[in-house]
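Here's the structure, in C-alpha cells; my notes come after.
The values are calculated or read from the model by the stated rules, or taken from the named source; none is laboratory data. Note that this is a predicted model, so its numbers are computed, not measured. Glycine also receives a Cβ, built like all others from the backbone with ideal geometry; neighbour counts cover every protein chain displayed. These accessible areas exclude ligands, DNA and RNA; they are computed on the full protein's heavy atoms, side chains included. Shrake-Rupley method; radii C 1.70, N 1.55, O 1.52, S 1.80 Å.
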Amino acid sequence: MTTGGRVVAVSRHEEYSFSKPNRASITLLPGLGVEGDVHAGRTIRHQFRMTYEPDLPNLRQVHLMHEELFDELALKGYRVSAGQLGENVTTRGVDLLGLPTGSLLHLGDGAVLEVTGLRNPCAKINDFRDGLLGEMFAIDPVSGDFTFRSGVMAVVRRGGTVRPGDRVEVELPAPPHHPLERV
C-alpha cells in the first residue's frame, strides 16, 4: 500500500445539481455510495443514463477528483474549487488518473473505495464555466490518444466516515493492471 495523499474536501448533495456543497464529513455506505447523496444507490443514479439503463449496477457511486487539476485550471484562468464539478471527494497527492481499474483507496476511519473508471465529463461543465469542457481532456502528444481528466468513479467496498485531512492509502490490484476507461 502506498500513502502520501490526503482528502482536502468532501461534498454531497441531496438533489440533482451540477455542484455539491462541501461538508465537514461524509458517510460512505457499502454498495450504495455517499449517504444522503442523490447519486447513491445500487443501480445507476445519473439522470441521463437512468433513462436507458436503469437496472445496470451503479459503478459511479462516488466521484473523486484531484485538487491538482484546479491548480492547472487556475493557470488558464478558470476558478474552480472542491465540489464545484460535482465530486464527492477531492484529493491531493494521489495520481487518481494513473490508477489501474480495481485499485482500492483506503480513506478515513476504514472506508474502502474500489476505482471503477474515469468520469465522463458532460456538457454541463461549459454551463458552469464557458470553455471548461475542453480542459477536461488531455491528448498524448506521441500517440494522439486522449483521456478524460475530470476525475475517477468508484464503488464503496467498506463503509465509513471521511473528513478533510484524512489520509488516502492506495492498494493496487494484482497484475496485470488495466488502464481506466470511462464508466
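Results, tabulated for the structure shown:
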read-out: For the range 139-151, Karplus couplings with θ = phi - 60° (6.51, -1.76, 1.60), whole Hz, Gly/Pro x; value: 10, 6, x, 8, 8, x, 5, 10, 9, 7, 10, 8, x
read-out: Whether the chain is rounded, prolate or oblate, judged on the alpha carbon gyration tensor where a/c under 1.5 counts as rounded; value: rounded
read-out: Three principal axis lengths of the range 66-105 [C-alpha, angstrom, descending]; value: 34, 18, 14
read-out: Size of charge dipole - the range 49-154 - debye, nearest 20, with Cβ of Lys, Arg +1 and Asp, Glu -1, no other charges; value: 220 debye
read-out: Extension reserve of the Phe146-Glu35 stretch, reckoned as 0.36 nm per residue once the Cα distance is removed; value: 36.6 nm
read-out: Surface share of carbon and sulfur [accessible, 1.4 angstrom probe, percent] for the chain; value: 52 percent
read-out: Candidates per trypsin sites (Lys or Arg not before Pro) in the range 12-97, loop by DSSP, up to 14 other Cβ within 10 Å; value: Arg42, Lys76, Arg79
read-out: Segment Ser17-Tyr78, extension gain: residue separation times 0.36 nm, minus the distance between their alpha carbons; value: 20.0 nm
read-out: Debye, to nearest 20: dipole size of the range 97-183, +1 on Lys, Arg Cβ, -1 on Asp, Glu Cβ; value: 220 debye
read-out: Contour excess over end-to-end distance, with Cα ends at Thr43 and Leu59 and 0.36 nm allotted per residue; value: 4.9 nm
read-out: Average Cα contact separation per residue, the range 1-131, under 8 Å, 6 or more apart, as relative contact order %; value: 26 percent
read-out: Helix-only [θ]222 nm of the chain, DSSP H runs n ≥ 4, -39500 (n - 2.57) each, per residue, nearest 500; value: -2000 deg cm²/dmol
read-out: Debye equation applied to the C-alpha atoms of the range 112-178, log10 I(q)/I(0) at 0.14, 0.20, 0.24 Å⁻¹; value: -0.67, -1.02, -1.09
read-out: Debye, to nearest 20: dipole size of the chain, +1 on Lys, Arg Cβ, -1 on Asp, Glu Cβ; value: 320 debye
read-out: Probe 1.4 Å, accessible area per residue of the chain, Å²; value: 50 Å²
read-out: Using θ = phi - 60° and Karplus 6.51 cos²θ - 1.76 cosθ + 1.60, couplings along the range 154-169 (whole Hz; Gly, Pro as x); value: 8, 10, 8, 8, 9, x, x, 9, 10, 10, x, x, 5, 6, 10, 10
read-out: Longest exposed-site-free window of the chain, the sites being GluC sites (Glu not before Pro) in a DSSP loop that have at most 16 other C-beta atoms within 10 Å; value: 36-180
read-out: Val168 long-range amide H proximity, modeled H, under 5 Å; value: Gly4, Gly5, Arg6, Val7
